[in-house]
1. Being surrounded by 15 or more Cβ atoms within 10 Å (Cβ to Cβ), closer than 18 Å to Asp114 by Cα and within 13 Å of the chain's Cα centre (by Cα) is the filter here, so list the residues in region 137-188 that pass it.
2. Sort out which residues of region 35-68 are surrounded by fewer than 19 Cβ atoms within 10 Å (Cβ to Cβ) and more than 25 Å from Lys150 (Cα to Cα), and write them in order of number.
3. Determine whether Arg45 is among the charged types (D, E, K, R), under 16 Å from Asp99 (Cα atoms) and in contact (Cβ under 8 Å) with a residue 40 or more places away in the chain.
4. State whether the residues of region 100-123 include one that is over 26 Å from Leu185 (Cα atoms), β-branched (Val, Ile, Thr), modelled with pLDDT of 95 or more and not assigned by TED's automatic domain parsing to the domain that holds Ala28.
5. Residues that are under 18 Å from Asn105 (Cβ atoms), at least 1 per element: which strands (runs of 3 or more DSSP E) completely within region 8-60 meet that?
6. Do the conditions hold for Asp169, that is, is it outside any strand (DSSP E or B) and under 14 Å from Gly110 (Cα atoms)?
7. Given the conditions (1) under 21 Å from Gly142 (Cα atoms); (2) surrounded by 17 or more Cβ atoms within 10 Å (Cβ to Cβ), which single one is not true for Val32?
Amino acid sequence: MNIDQEITLNRDTLATVIPAGEEHMIPAGTVVTISQALGGAVTVRTAEGLYRIPGKDWDALGAELKAYLNETATQSTQEESDQPFSETAVWDALKQCFDPEIPLNIVDLGLIYDLQISEPNESGTYQVNIKMTLTAQGCGMGPVIAEDAKNQIESIPHVESAEVSIIWDPPWNPHMISEPGRKQLGLE
């Protein structure tokens, strides 16, 4: 898919304002430019600003683009479901969550501070607890990103539940970006 591709929305679309985190209706006929399509969401730019469109509303972008995005999301989910449960599976799931403004997953961005996995319960399922931060305090996208992380983790077979807490200590800084993340962003 082409980044910076212009598309005209074919219906009114409820989207999340970036970085405020508030919902906003973008009217049908609005021309949007796709700035990133990663981790089950699309970030678009309009004349008014940046918005995040969730997977359930991809039809507003047109049938062809929706099919492409669904296929991409399904492939990564199928690859993950073939793996047995492990801590690596949780980290891999978290790598499917992306900052809506920075084209980098939340693991390589350095936002995950702690990951705890319970012992399996009687039914052989696990509980996962995550502590994460954001690139800026007061970012309204925090609950959205945390919910993405929770949903990704809970989609792993044998995970009963996940809890994602946002913390601020220590404050995030760009030095927390992983080596692969630095390379991807061209910071090397």
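1. Passing the criteria: Gly142, Ile145, Ala146, Asp148, Ala149, Lys150, Asn151, Gln152, Ile153.
2. Hits for region 35-68 are Arg45, Thr46, Ala47, Glu48, Gly49, Gly62, Ala63, Glu64, Leu65.
3. Answer is no for this residue.
4. yes
5. Those strands (runs of 3 or more DSSP E) span 13-18, 31-38, 41-46, 49-54.
6. Judged against the criteria, Asp169 is a match.
7. (1)
The rows are residues; the columns are (1) in a strand (DSSP E or B); (2) touching a strand residue (DSSP E or B) at 6+ places or on another chain (Cβ under 7 Å).
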residue	(1), (2)
Asp108	no, no
Gln116	yes, yes
Pro120	no, yes
Leu134	no, yes
Cys139	no, no
Val144	no, yes
Glu147	no, no
Gln152	no, no
Ser161	yes, yes
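The values are calculated or read from the model by the stated rules, or taken from the named source; none is laboratory data. Bear in mind the structure is a predicted one, so any value in this text is a computation, not a measurement. Don't worry about glycine lacking a Cβ; one is built from the backbone with ideal geometry, like all the others, and counts go over all protein chains shown.
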